[in-house]
Amino acid sequence: MLEITRLAKKLDDAAYNARATRQLSDTISYSLREAYDIQAASIQRRLDRGEIRNGMKMGFTSRAKMIQMGLNDMIWGRLTDRMLVEDGDTIFLDSYVHPRVEPEIAFLLKRPLSYPCTAAEALSAVDGVAPAMEIIDSRYRRFKFSLEDVVADNASSSSIVVGPWCPPDSNLDNLGMVLEFNGRPVQIGSSAAILGHPVRSLVSAARLTSESGERLEANWIVMAGGATAAEALVPGVSVRNTVEGLGSVSFNVSQ
Ligand code: OOG
Ligand code: MG
C-alpha cells in the first residue's frame, strides 16, 4: 500500500520550503492514478492552510513542451489563489527551486463546464481569455522526472501570471506569441502550437477533470499549456508574453 499521505507531504514540504527533493520513482514504483492521488493530497494540504482552489492547468499540450521534457502524455494540475502573481509584479527567486517560465493563454469560466462538451459548448462557458504565463518549478532535483513524478508534483505548477481579460469571442486561431526577457525575444510560438487551437485544451481540461470525479467550476482559470519550451528565470530580468491581438502580460524577477 502506497503511503499517499507521506509522499504528498514530502512534495508539499519541498514546494513550501523551495528545496528540491529526490524523484519519488527513484525509490518506489507507482501508477499514474496513484500519482494523481498524491497530487490531490498535496494540494489538500495547501487548502488546509487556507488556500482556495481557483482553477486547473494543462501540461504537455504542445510538441515543444513534450520534446523539451521528453514526455508524450497530456497531464494536468490544480491551481490555488496563492499561485496567482499580479500582472506587473516582482517575484523573488528564493521562493522557488529552479523556476522556468512559459508563454500561455488563460481562460476564465463564467459557469461550470462538464464533459462531454464540444469546442463551441466549452467556449460558451468562457467569460474571458487572456495572455498569460506559467512559472513552473519542479520540486525534483535537476528538473528531472518520470510522468508519474511530475503528475504527483502538481505538474510542476508554481505560479501563474494572467494579463487583462479579453472578450470570450476573441479570435484564438494561430496567434503569434512572443516571450521576451528585457525586451529580447527568447521564445516565439503560436497559439496553434497548443493542440492546434487552445480551445481543444479547454475541452481536454473538462474531460480530465471529469475523469477524476471533479468538474471545472465557475470563476476558475484554466491554463491551456505552454506554446513553446520553457525558459529558466534569472535575477534582474523583466519577462513579458505578448499574444497577437490579446495584448501582453509581464512580471519582474528579483534575487
Ligand atoms: C511540466 C509542466 C508542463 C506545460 O505548459 O506544458 C506545463 C514541466 O514541464 O515541468 O506546464
Ligand atoms: Mg504550463
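Using only helices, what value at 222 nm comes out for the chain when you add -39,500 (n - 2.57) per DSSP H run of length 4 or more and divide by the total residues, to the nearest 500 deg cm²/dmol?
Dividing the helical sum by the residues of the chain leaves -7500 deg cm²/dmol.
Tabulate in residue order the Karplus-calculated ³J(HN,Hα) for the range 3-12, using 6.51 cos²θ - 1.76 cosθ + 1.60 with θ = phi - 60°, rounded to whole Hz; enter x for Gly and Pro.
Computed from phi, the couplings for the range 3-12 are 8, 3, 4, 5, 5, 5, 5, 4, 6, 5 Hz.
At a threshold of 8 angstrom on Cα-Cα distance, excluding pairs fewer than six apart, so keeping six or more, what relative contact order does the range 121-255 reach in percent?
29
Which residues' amide hydrogens lie under 5 Å from the amide hydrogen of Thr21, considering only partners 5 or more residues apart or on another chain, with H built in the peptide plane?
Tyr140, Arg141
With N denoting the number of residues in the range 100-180, provide Rg(C-alpha) divided by 2.2 N^0.38 Å, to two decimal places.
So the Cα radius of gyration is 1.31 times the expected 2.2 N^0.38 Å.
For the pair Glu51 and Asn219, what calculated FRET efficiency results from E = 1/(1 + (r/R0)^6), where r is the Cβ-Cβ distance and R0 = 22 Å, to the nearest 0.05?
After rounding, the FRET efficiency stands at 0.90.
Sequence neighbours fewer than 8 away in the same chain don't count; with that in mind, list the aspartates and glutamates whose C-alpha is under 18 Å from Lys10.
Partners within reach: Asp26, Glu34, Asp37, Asp48, Asp137, Glu148, Asp149, Asp153.
The range 83-141 to the range 1-80: how many Å between their Cα centroids?
16
Taking the range 97-255 as the region of interest, what is the percent of Cα-Cα pairs per 5 angstrom bin, listed from the shortest bin to the one with the maximum distance?
Calculated over all Cα pairs of the range 97-255, the distribution is 2, 10, 18, 21, 19, 16, 10, 4, 1, 0 percent.
³J(HN,Hα) across the range 27-33 via Karplus (A = 6.51, B = -1.76, C = 1.60, θ = phi - 60°), whole Hz, x for Gly/Pro?
Couplings: 10, 9, 10, 8, 8, 5, 4 Hz.
Say the dipole of the chain comes from +1 at the beta carbon of Lys and Arg and -1 at that of Asp and Glu; which of Thr21, Pro198, Gly183 then lies farthest toward its positive end?
It is Thr21.
Per Stokes-Einstein, at 10 °C and 1.306 mPa s, what whole-number D in µm² s⁻¹ belongs to the range 1-89, with the Kirkwood radius over Cα pairs as the hydrodynamic radius?
Answer, rounded: 108 µm²/s.
Quick note: the coordinates plus some simple rules give every number you see, no bench work behind them. The structure presented is a predicted model; accordingly, all values stated were derived computationally and were not measured. Backbone-built Cβ (ideal geometry, glycine too); neighbour counts: all protein chains shown.
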